[in-house]
Amino acid sequence: MLEVTRLVAGYGKVEVLHGLTFSVPTGQLVTLIGSNGAGKSTTMRTLSGMLKPTAGRITLNGRDLTGLDSHAVTRRGIAHSPEGRRVFPTLSVLDNLRLGAYTRLTGQRTRGDVTADLERMAVLFPRLRERRHQLAGTLSGGEQQMLAMARALMLNPEVLLLDEPSMGLAPLLVEEVFRIIRQLREDQVTILLVEQFAAAALWVADYAYVIENGHIRIEGPARQLRNDPAVQAAYLGRGH
Ligand SMILES: Nc1ncnc2c1ncn2[C@@H]1O[C@H](COP(=O)(O)OP(=O)(O)O)[C@@H](O)[C@H]1O
Ligand SMILES: [Mg+2]
């Protein structure tokens, strides 16, 4: 279980997160929804160690992660698939995936069978299997997004942080991304999902938090939020 308590973070003197408290129970899919600029990506960056919190606590299964750098956080098993599909463009699809497993081979976590996990990714992401020898930079945007997700999964993470996995994708690929997220949920991968399509996120998630201006305003089972008139009016109307 990932537990975040009164987390404060920002950029320089600008405080963006004003004391967030939330948790992601093991095996569950939790979504964080909110308008542009609400602080969703900043939350993800703080959890992954890219940003240092100025107050509050982050623990994973009771162990303190607060203030660790991103390498140390990755070694503890938190995988971040950041906004905007970061892949290594001059490496092949297969080498990108192997790099995703690298940290788990050097850390204290169980290594597991990398070959078996590569096979699992090939089943989960058939488009990547067909293109495994292609350079990542020559993939379409949607394929790069899937590669970023698959690479994060190669860490065999305790928690997967998915930031806007459907951003900028054509509708068919958005469906494909959500098919994969549903599959990961069935496989009980622990996931924190940030999504612009709040409606879709609330359909796949177990539990949801609404963030506004760096504060958690509403939380509850995803089904309950889907039916909440205030959430519907603000986040599930046209354009969402
Ligand atoms: N690298 C940065 N430097 C300074 N301010 C930033 C940076 N990234 C984001 N912000 C600011 O932090 C706030 C929250 O941004 P962000 O977390 O990206 O929101 P969201 O992901 O919810 O759209 C915004 O006001 C944004 O302008
Ligand atoms: Mg964002």
### Task
Have a look at Ala9, Ala55 and point out the one that is more than 20 Å from Gly220 (Cα to Cα) and away from ligand 1 (no atom under 13 Å from the Cβ).
Ala55
#### Entry: Answer from Ile181, Ile211, Ile191 - the residue that is over 22 Å from Tyr102 (Cα atoms), more than 16 Å from ligand 1 (Cβ to nearest atom), touching a residue at least 40 places away in the same chain (Cβ under 8 Å) and crowded, with 19+ Cβ neighbours inside 10 Å
Ile181
### Message
Can you tell me how many residues within segment 135-148 are within 16 Å of ligand 2 (Cβ to nearest atom) and either among the hydrophobic types (A, V, I, L, M, F, W, C) or within 18 Å of Thr74 (Cα to Cα) (or both)?
### Response
1
#### Entry: Selection count, segment 17-74, where residues are within 16 Å of ligand 2 (Cβ to nearest atom) and outside any helix (DSSP H, G or I)
14
### Query
With Ser48, Ser41 as the choices, which residue is near ligand 1 (Cβ under 10 Å from one of its atoms), of a type outside the set (A, V, I, L, M), within 14 Å of Asp163 (Cβ to Cβ) and out of contact with any Gly (no Cβ under 9 Å at 6 or more places or on another chain)?
Ser41
### Query
Are any of the residues in segment 164-171 under 22 Å from Met44 (Cα atoms), away from ligand 1 (no atom under 16 Å from the Cβ) and either modelled with pLDDT under 90 or not small (Gly, Ala, Ser) (or both)?
yes
### Message
Quick check on segment 89-112. Is at least one of its residues within 16 Å of ligand 1 (Cβ to nearest atom), assigned to a loop (DSSP other than H, G, I, E, B) and either in contact (Cβ under 8 Å) with a residue 60 or more places away in the chain or more than 20 Å from the chain's Cα centre (by Cα) (or both)?
### Response
no
### Query
If you go through segment 45-90 one residue at a time, how many are surrounded by fewer than 20 Cβ atoms within 10 Å (Cβ to Cβ), out of contact with any strand residue (DSSP E or B) (no Cβ under 7 Å at 6 or more places or on another chain) and closer than 25 Å to Leu169 by Cα?
3
### Task
Determine whether segment 14-28 contains at least one residue that is farther than 19 Å from Asn156 by Cα, within 11 Å of ligand 1 (Cβ to nearest atom), without any contact (Cβ under 8 Å) to a residue 24 or more places away in the chain and surrounded by fewer than 22 Cβ atoms within 10 Å (Cβ to Cβ).
yes
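Rundown of residues vs (1) over 16 Å from Leu193 (Cα atoms); (2) of a type in the set (Phe, Trp, Tyr); (3) modelled with pLDDT of 95 or more, yes/no style:
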residue	(1), (2), (3)
Ser23	no, no, yes
Asn36	no, no, no
Asp64	yes, no, yes
Gly77	yes, no, no
Leu91	yes, no, yes
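The values are calculated or read from the model by the stated rules, or taken from the named source; none is laboratory data. In this text, all values refer to a predicted model and were calculated from it rather than measured experimentally. Every residue, glycine as well, gets a Cβ built from its backbone with ideal geometry; the counts of neighbours run over all protein chains shown.
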